[in-house]
Amino acid sequence: MPRFRSGDVRYGEMKKDACLEKQRKSRSVAIFVVAVVLVAASVSLFVQWRLSQVSAGVCVKQGRVLSEEELRQAVLQSLVDYEVENASIYNYGTESSRTLHVGIIRNPEEQSVPKLMEQAFLGEKSFKENFGIEDIYQDFDWKELKVPFILIKYISGSQGIAGLYITTEIQRIDNPEQIDTLSNKYKPNLYEQLQGYGKYYFRILEVAIQQDCCGNEVPMEKKEEIYKSSLSILNSSLSLATPRYITPVSNCGELLTFQGQGTVFNFHSITWIQGE
């Protein structure tokens with residue numbers, strides 16, 4: 001009868017172990033591949049669902065579509081928060097006494113900036129007093145703010161530039177695809193779409209004026225010169241404003257913004273789409 005040497009037995013066991021190890025690795029690879037496929041399928045289904053929600057106008061945070069008025073109110077609140085946050089960044093990062101203020105003009109009788117300028121120009125008080133500005137800060141209670149109002153940002157002292165938003169001019173654009181046909185018009189990318197952008201666009205007009213046009217901070221002769229210059233620049237900018245001041249907003253009314261890099265203050269900036 002043939003004899004089995006111990007070496008033959010060990011070789012056979014080693015071969016068997018190697019075969020079992022190979023099978024285990026194959027099973028592990030198969031399980032991993034299946035897991036990757038399932039995860040990819042789940043992600044794909046989630047992305048498709050999320051994009052369908054965005055396309056339908058659903059605000060995911062609230063689980064519903066906001067009414068036109070609710071959406072517009074949310075956009076206004078987002079704009080106020082945006083300017084207050086930027087003022088906080090500016091004032092924290094500067095050692096200058098020239099503080100950046102954000103304020104509101106409640107229930108303005110006049111909605112036209114040129115007419116507001118004229119009234120303030122004829123006033124004998126400071127820029128802030130002539131416009132009737134109430135400063136607001138980060139702890140401001142939005143519920144106290146009623147539309148219509150004017151949002152304004154300005155630098156303390158003279159020789160500053162003030163930016164004004166008239167709330168009656170902040171309106172939804174019904175057909176953003178008809179704004180222009182430029183190939184480089186900004187559109188939200190996939191990540192931004194997943195955040196709820198791409199369904200709604202708003203026209204948010206900001207106009208700038210020279211503060212010395214409308215206060216007692218400079219002599220009357222200089223004030224009149226600045227007033228005329230500021231009015232001319234304002235009328236010119238208003239005639240070009242429509243395509244420049246349109247921005248995507250989320251289905252929850254949040255402005256699409258980005259934070260600048262490499263600047264002194266790293267302000268947040270609104271993402272404007274390009275127009276004619």
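Residues in the range 117-133 that are out of contact with any Leu (no Cβ under 8 Å at 6 or more places or on another chain) and surrounded by 14 or more Cβ atoms within 10 Å (Cβ to Cβ): Glu118, Gln119, Ala120, Phe121, Gly123, Ser126, Phe127, Lys128, Asn130, Gly132, Ile133. Residue-level analysis places Ser28 among those that are hydroxyl-bearing (Ser, Thr, Tyr), open to solvent by less than 100 Å² (accessible area, probe 1.4 Å) and either farther than 30 Å from Asn189 by Cα or modelled with pLDDT under 70 (or both). Please specify each residue of the range 88-116 satisfying the condition of being open to solvent by 40 Å² or more (accessible area, probe 1.4 Å) and farther than 22 Å from Leu76 by Cα. Selection gives Asn91, Tyr92, Gly93, Glu95, Ser96, Ser97, Arg98, Thr99, Lys115. Of the residues making up the range 50-68, those that are part of a helix (DSSP H, G or I) and modelled with pLDDT under 90 number 6. Taken together, the criteria exclude Tyr82 from residues that are surrounded by 16 or more Cβ atoms within 10 Å (Cβ to Cβ), over 28 Å from Ile173 (Cβ atoms) and under 25 Å from the mean Cα position of the chain (by Cα).
Restricting attention to the range 211-225 and to residues that are buried (at least 20 other Cβ atoms within 10 Å of the Cβ) and either under 26 Å from Gly57 (Cβ atoms) or not charged (D, E, K, R) (or both), the residue that is nearest to the chain's Cα centre (by Cα) turns out to be Gln211.
Take Tyr154 and tell me if it is in contact with a His (Cβ under 6 Å, 6 or more places away or on another chain), surrounded by 15 or more Cβ atoms within 10 Å (Cβ to Cβ) and not in a loop (DSSP other than H, G, I, E, B). Spelling it out, Tyr154 is indeed in contact with a His (Cβ under 6 Å, 6 or more places away or on another chain), surrounded by 15 or more Cβ atoms within 10 Å (Cβ to Cβ) and not in a loop (DSSP other than H, G, I, E, B).
The values are calculated or read from the model by the stated rules, or taken from the named source; none is laboratory data. All values reported here derive from a predicted model rather than from experimental measurement. Virtual Cβ from ideal backbone geometry, glycine too; neighbours counted across all protein chains shown. The area values use the complete protein model at the heavy-atom level, side chains included, leaving out ligands, DNA and RNA. Shrake-Rupley method; radii C 1.70, N 1.55, O 1.52, S 1.80 Å.
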